[in-house]
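A.B. asks: Quick one: the structure is below, and I'll ask about it shortly.
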Amino acid sequence: MTRLTGKTCLVTGGANGIGAAISRALAREGARVAITDIDDDMGRRLAAEIGVKARYLHHDVTDEESWERVFRDIADVDGTLDVMVNNAGGGTYNDVESLSLAEWRRIISLNADSAFLGTRGAIRAMRERGGSIINIASVASFIGAPTLAAYSAGKGAVLMLTKSAATWCGTRGYGIRVNSVHPGLVETKSGMEMARQATGAATDEDAARAFTQLHPIGRLGRPDDIAGAVVFLASDESAFMTGSAVVVDGGFTAL
């Protein structure tokens with residue numbers, strides 16, 4: 001459990017769900033983890049659970065000044081940043097015809113703006129010694145669900161931002177790898193809420209049954225499934241990967 005010993009990692013949206021699983025997995029592999037979120041209670045609780053390898057920072061990923069404070073804190077406390085995980089994101093079910101401009105902008109900001117600000121800041125922090133940037137996108141980056149207009153657009157932007165940043169860093173000789181991870185439906189509080197909305201199911205169990213049929217592997221995703229892919233991309237085992245889109249969806253997009 002030493003694949004990331006000596007590395008400093010920053011995980012946005014790291015207090016709950018997939019982000020919490022990522023934070024735990026990185027720490028288990030020996031990394032120092034800065035967990036950021038707007039859920040201060042859960043963030044502090046998780047950092048205390050993980051122990052001395054973790055600390056929590058309040059962070060609004062849609063706000064540029066909040067990002068600047070976080071990167072200054074990383075520089076002051078840790079000295080270097082080795083792994084950036086842009087995990088924060090989310091959305092609501094809205095179709096393109098009824099979606100308001102205000103809600104469109106909110107969802108795009110939460111997904112695309114946050115990934116841009118995190119990627120840009122991480123490149124500036126890593127360009128002298130290299131590192132790994134991992135952007136958590138979605139299978140919605142590839143498929144167009146009728147009620148995910150803004151979310152799909154935002155996650156599609158994350159996919160192409162990742163590829164652009166990867167080629168930029170490569171041509172500049174920065175030694176920074178930039179990859180994206182694309183989960184299918186994962187059994188988290190927010191994931192099951194979206195599943196209920198999509199299916200009209202009254203309970204998580206009913207929604208899970210409906211969605212399981214769409215996953216050839218025979219089950220929904222678990223947070224640790226996504227965390228394992230992130231650990232791999234954070235480690236030197238993925239040294240020849242950049243600009244890649246790693247799909248972790250139980251075969252959902254294969255149907």
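A.B. asks: Any idea which of G30, N16, A75 is furthest toward the positive side of the dipole for the stretch 10-83, if Lys and Arg beta-carbons carry +1 and Asp and Glu beta-carbons -1?
C.D. replies: G30
A.B. asks: Could you give each residue of the stretch 35-48 its phi-based ³J(HN,Hα) in whole Hz, using Karplus coefficients 6.51, -1.76, 1.60 with θ = phi - 60°, and x for Gly or Pro?
C.D. replies: Per residue, the Karplus-derived 3J(HN,Hα) values read 9, 10, 5, 9, 8, 5, 4, 5, x, 5, 5, 5, 4, 5 Hz.
A.B. asks: Further question on the same structure: Could you state the orientation-averaged shadow area of the convex hull built on the Cα atoms of the stretch 1-111, in nm² to one decimal?
C.D. replies: Working: hull surface 30.0 nm².
The number I arrive at for the stretch 1-111 is 7.5 nm².
A.B. asks: Now a separate question. Order 199-210, 53-64, 25-36 from most to least packed using the mean count of other Cβ atoms within 10 Å. Can you show the working numbers first?
C.D. replies: Working: 199-210: 14.0, 53-64: 18.9, 25-36: 23.8.
Result, highest mean Cβ count within 10 Å first: 25-36, 53-64, 199-210.
A.B. asks: Output wanted: per-residue J couplings in Hz (rounded whole) for the stretch 241-248, from phi through Karplus 6.51 cos²θ - 1.76 cosθ + 1.60, θ = phi - 60°, x for Gly and Pro.
C.D. replies: 10, 7, x, 8, 10, 8, 8, 10
A.B. asks: Starting from the 7 Å offset along Cα-to-Cβ, what nm value, one decimal, do you get for the label separation of V96 and E193?
C.D. replies: The modelled label-to-label distance comes out at 2.6 nm.
A.B. asks: With θ set to phi - 60°, apply the Karplus curve 6.51 cos²θ - 1.76 cosθ + 1.60 along the stretch 144-160 and write out the HN-Hα couplings as whole Hz, x wherever there is a Gly or Pro.
C.D. replies: Values per residue, Gly and Pro as x: x, 6, x, 10, 10, 4, 6, 5, 4, 5, x, 6, x, 5, 4, 4, 6 Hz.
A.B. asks: Right, something else. Gain in length, S109 to T147, computed as 0.36 nm per residue apart minus the alpha-carbon separation, to one decimal in nm? Provide the component values of the computation, followed by the final result.
C.D. replies: Numbers: separation 38, 0.36 × 38 = 13.68 nm, distance 1.81 nm.
The S109-T147 span can extend by a further 11.9 nm.
A.B. asks: Within 10 Å, count the other beta carbons around each residue, average over each peptide in 120-130, 70-80, and list them highest first.
C.D. replies: Values: 120-130: 17.0, 70-80: 14.7.
The most tightly packed comes first, giving 120-130, 70-80.
A.B. asks: Expressed as a fraction of 2.2 N^0.38 Å, the rule-of-thumb size for a compact globular protein of N residues, what is the C-alpha radius of gyration of the stretch 178-245?
C.D. replies: On the way: Rg = 14.6 Å, N = 68, 2.2 N^0.38 = 10.9 Å.
Compactness ratio reported: 1.34.
A.B. asks: Calculate, for the stretch 1-154, the solvent-accessible area per residue in square angstrom, rolling a 1.4 angstrom probe over the heavy atoms of the protein chains. Write down the numbers at each step before the final one.
C.D. replies: Numbers: 6810 Å² over 154 residues.
In whole numbers, the stretch 1-154 has 44 Å² accessible per residue.
A.B. asks: Still on this structure: Taking the Cα centre of the chain as origin, sum charge times position over the Cβ atoms of Lys and Arg (+1) and Asp and Glu (-1), and report the length of that vector in debye to the nearest 20.
C.D. replies: Values: 26 positive and 30 negative charges, 153 e Å.
Charge dipole, the chain, about its Cα centre: 740 debye, nearest 20.
A.B. asks: Quick one: pull the percent of accessible area on the chain belonging to carbon and sulfur, 1.4 Å probe, ligands and nucleic acids left out.
C.D. replies: Working: 6220 of 11780 Å².
The C+S portion of the solvent-accessible surface of the chain is 53 percent.
A.B. asks: For the stretch 81-191, report the % of Cα-Cα distances exceeding 16 Å. Provide the component values of the computation, followed by the final result.
C.D. replies: Values: 3491 of 6105 pairs.
Tail of the P(r) past 16 Å holds 57 percent of the pairs.
A.B. asks: Sticking with this structure for a sec: Based solely on its DSSP helices, what 222 nm [θ] is calculated for the chain when runs of n ≥ 4 H residues each add -39,500 (n - 2.57) and the sum is averaged over all residues, nearest 500 deg cm²/dmol? Intermediate values should be presented prior to the final figure.
C.D. replies: Numbers: 9 runs with 114 residues, N = 255.
Value at 222 nm, helices only, nearest 500: -14000 deg cm²/dmol.
A.B. asks: Oh, and also: Can you compute the modelled spin-label distance between T171 and R209, with each label point 7 Å from Cα toward Cβ, in nm?
C.D. replies: Modelled inter-label distance: 5.4 nm.
A.B. asks: Give the aspartates and glutamates reachable from K189 as a straight Cα distance under 15 Å; neighbours fewer than 8 places away on the same chain don't count.
C.D. replies: List returned: D39, D204, E205, D206, D224.
A.B. asks: Whose amide H sits under 5 Å from the amide H of V248, counting only residues 5 or more places off or on another chain, with H placed in the peptide plane?
C.D. replies: Residues meeting the amide H criterion: H182, G184.
A.B. asks: Grab the beta carbon distance between R69 and E237, set R0 = 45 Å, and tell me the FRET efficiency rounded to 0.05.
C.D. replies: The calculated FRET efficiency here is 0.90.
A.B. asks: Rg/Rh for the chain to two decimals, with Rh computed the Kirkwood way over all alpha-carbon pairs. Kindly include the intermediate steps, with their values, before the conclusion.
C.D. replies: Details: Rg = 17.4 Å, Rh = 18.2 Å.
That ratio is 0.95, to two decimals.
A.B. asks: Using alpha carbons only, how many angstrom separate the centre of the stretch 44-104 from the centre of the stretch 117-186?
C.D. replies: 15
The values are calculated or read from the model by the stated rules, or taken from the named source; none is laboratory data. All values derive from a computational prediction rather than experimental measurement. Here the Cβ is made from the backbone with ideal geometry for all residues, glycine too, and neighbour counts use every protein chain on show. Ligands, DNA and RNA are excluded from the accessible area calculation, which covers all protein heavy atoms including side chains. Shrake-Rupley method; radii C 1.70, N 1.55, O 1.52, S 1.80 Å.
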